[in-house]
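Just so it is clear, none of the values below were taken in a lab; they were calculated from the coordinates. All of these numbers come straight from a predicted model, not from anything done at the bench. Note: ideal-geometry Cβ built from the backbone for every residue, glycine included; neighbour counts use all protein chains shown.
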Amino acid sequence: MNPIISVKDVAKTYASGHVALKTVNLDIREREIFALLGPNGAGKTTLISIICGIVNPTSGTITVDGHDVARDYRACRSMIGLVPQELSTEMFETVWATVSFSRGLFGKKKNPAFIEKVLRDLSLWDKKDSRIMTLSGGMKRRVLIAKALAHEPRILFLDEPTAGVDVELRKDMWDIVRELRAGGVTVILTTHYIEEAEEMADRVGVITKGELILVQEKTELMHKLGKKQLTLELQQPLAAIPPALVAHKLELAPGGGALVFTYDTHADRTGITALLNDMREAGIGFKDLATSQSSLEDIFVDLVRHSK
């Protein structure tokens, strides 16, 4: 199956000399949820802006469903809905008016029934006659999504969609994104919230310093790079790791009350048995143990650290 978005050798250097993107190649599949992760200034928003035709690349090509963004901008843009980071909208307009206007900007015929459905899906129907300025930050964020969906796009970009909203609203947003994907919309989101990607994404891309350092199925990424930790709560605290245990590369928890052992679950040997034997011979007893799996956040932090 051909990708719905194809980014080929795209780079961006601004007039100031700042290199925002370094030769990015990326294919987005139809009907997937793709999460683009990266620290501030990594190039996430620049990449999205180039795909949406808002920023011109220094080099490279982008196609949307086979249409070249540079040569056939209108066709590409009509397939894309964009929810920007900034809460910028017409503050004195009503919700109904601003969403309806957004549909008209793309040359779509009036369709009150569709606008009503969008507003109901986003829990905005009871606010349809309210002026934007009277809404809470979370409701304004929903209005931005409604505006992006007004012209029935096949692709939706969400640039930090839940920045500054509370936990409950964030989970509502996750439900909305899943429903959109179920309805056939391809969703690309950038986020600082790692749990957002872990909860929703089919694939994850990690970008740092303008370079896309990894694109992977989320489950495969966590399977390959995820580690497990064994925490051993000691009977007696230690001031330091004994020489007999140094080879196991342990970490001593604050206060010395526990030893933390990181191991690869897919290795031929985890090393746990050897560790426990060495602890017994060294006369170090433990009263409890627990294991934990590394999260996507742990993996992300590790990837970015090693890319520096």
* Roughly how tilted is helix 95-105, in degrees to the nearest 10 and between 0 and 90, from the longest Cα axis of the chain? -> 70 degrees
* Cβ-placed point charges (K, R +1; D, E -1), dipole of the chain about Cα centre in debye, nearest 20 -> 1000 debye
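What percent does the relative contact order of the range 48-163 come to when contacts are Cα pairs within less than 8 Å and at least six residues apart?
Over the range 48-163, the number comes to 36 percent.
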* To do: On a 0 to 90° scale, report how tilted helix 272-281 is relative to the longest principal axis of the chain, with both axes built from alpha carbons and the result rounded to the nearest 10.
  => 30 degrees
* Please list, in chain and number order, the residues 5+ apart from PHE286 or on another chain whose amide H is under 5 Å from its amide H, with Hs placed from the backbone. => GLN235
* Could you point to the label whose value was computed as volume of the Cα convex hull per residue in Å³ for the structure here, given [x] 167; [y] 134; [z] 179? => [z]
* Asked: Hey, what angle do you get for helix 137-149 against the long axis of the chain, alpha-carbon based, 0 to 90 degrees rounded to 10?
  -> 60 degrees
* With point charges of +1 on the Cβ of Lys and Arg and -1 on the Cβ of Asp and Glu, referenced to the Cα centre of the range 5-223, which listed residue (VAL215, THR94, ASN25) lies farthest in the positive direction of the dipole? -> THR94
* Asked: Residues with amide H under 5 Å of LEU82's amide H, sequence separation 5 or more or different chain, H placed in the peptide plane at 1.01 Å from N; which?
  -> PHE157
* Which entries of LYS108/LYS128; LYS8/LYS218; LYS44/LYS147; LYS117/LYS218; LYS22/LYS140 show an alpha-carbon separation above 29 angstrom in the structure shown? -> LYS117/LYS218; LYS22/LYS140
* Structure fact -> Other residues with Cβ under 10 Å from the Cβ of ARG154 give, with Lys and Arg +1 and Asp and Glu -1, a net charge of -2
